[in-house]
Amino acid sequence: RELKLRNYEPEDEDLKKRKVPQAKPASVEDKVKEQLEAAKPEPIIDEVDLANLAPRKPDWDLKRDVAKKLEKLEKRTQRAIAELIRERLRGQEEELASAVGSAKQEGSDSD
């Protein structure tokens, strides 16, 4: 084994040759910079496409299950609306017929 002297200052010239030179401390700043750069978070994306993130609405399964019932209700609603419109039209026809009838009676009196 070779003798290496690190902390001892020899007086002998032969031993001085075996002395290891003083070690210089490593630059701490470089290591700290590297660690800080590694710890930096990735830049946050400003614009996020929500369509890609949320594939479906949270209530999609409820809508799927209720769709058949809603179809029946929609048909009934359309029938009810049509019936109301027919009744209004019948009422207007009766009013028009009575208005026409009263106009005829007024017209015959003037002759």
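Numerical summary
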| item | result |
| --- | --- |
| Partner lysines for residue 16 [C-alpha distance under 22 Å; skip if fewer than 8 residues away on the same chain] | 4, 24 |
| Sites residue 77 and residue 57 - FRET efficiency at Förster radius 25 Å, r taken between beta-carbons, to 0.05 | 0.55 |
| Solvent-accessible heavy-atom area per residue, rounded to whole Å², over region 68-110 at 1.4 Å | 99 Å² |
| Estimated inter-spin distance, residue 5 and residue 32, nm [label 7 Å along Cα→Cβ] | 3.7 nm |
| Scattering curve values for region 68-110, log₁₀ I(q)/I(0), Debye with Cα scatterers, q = 0.16, 0.18, 0.34 Å⁻¹ | -0.57, -0.63, -0.99 |
| In nm, spacing of pseudo-spin labels at residue 19 and residue 87 (7 Å Cα→C-beta vector) | 11.6 nm |
| Solvent-accessible area, 1.4 Å probe, carbon plus sulfur percent, for region 68-110 | 54 percent |
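The values are calculated or read from the model by the stated rules, or taken from the named source; none is laboratory data. On a predicted model such as this, the values are computed, not experimentally measured, just so you know. Neighbour counts run over all protein chains shown; Cβ positions are idealised from the backbone, glycine included. Heads up: the accessible areas ignore ligands, DNA and RNA and are worked out on the full protein's heavy atoms, side chains in. Shrake-Rupley method; radii C 1.70, N 1.55, O 1.52, S 1.80 Å.
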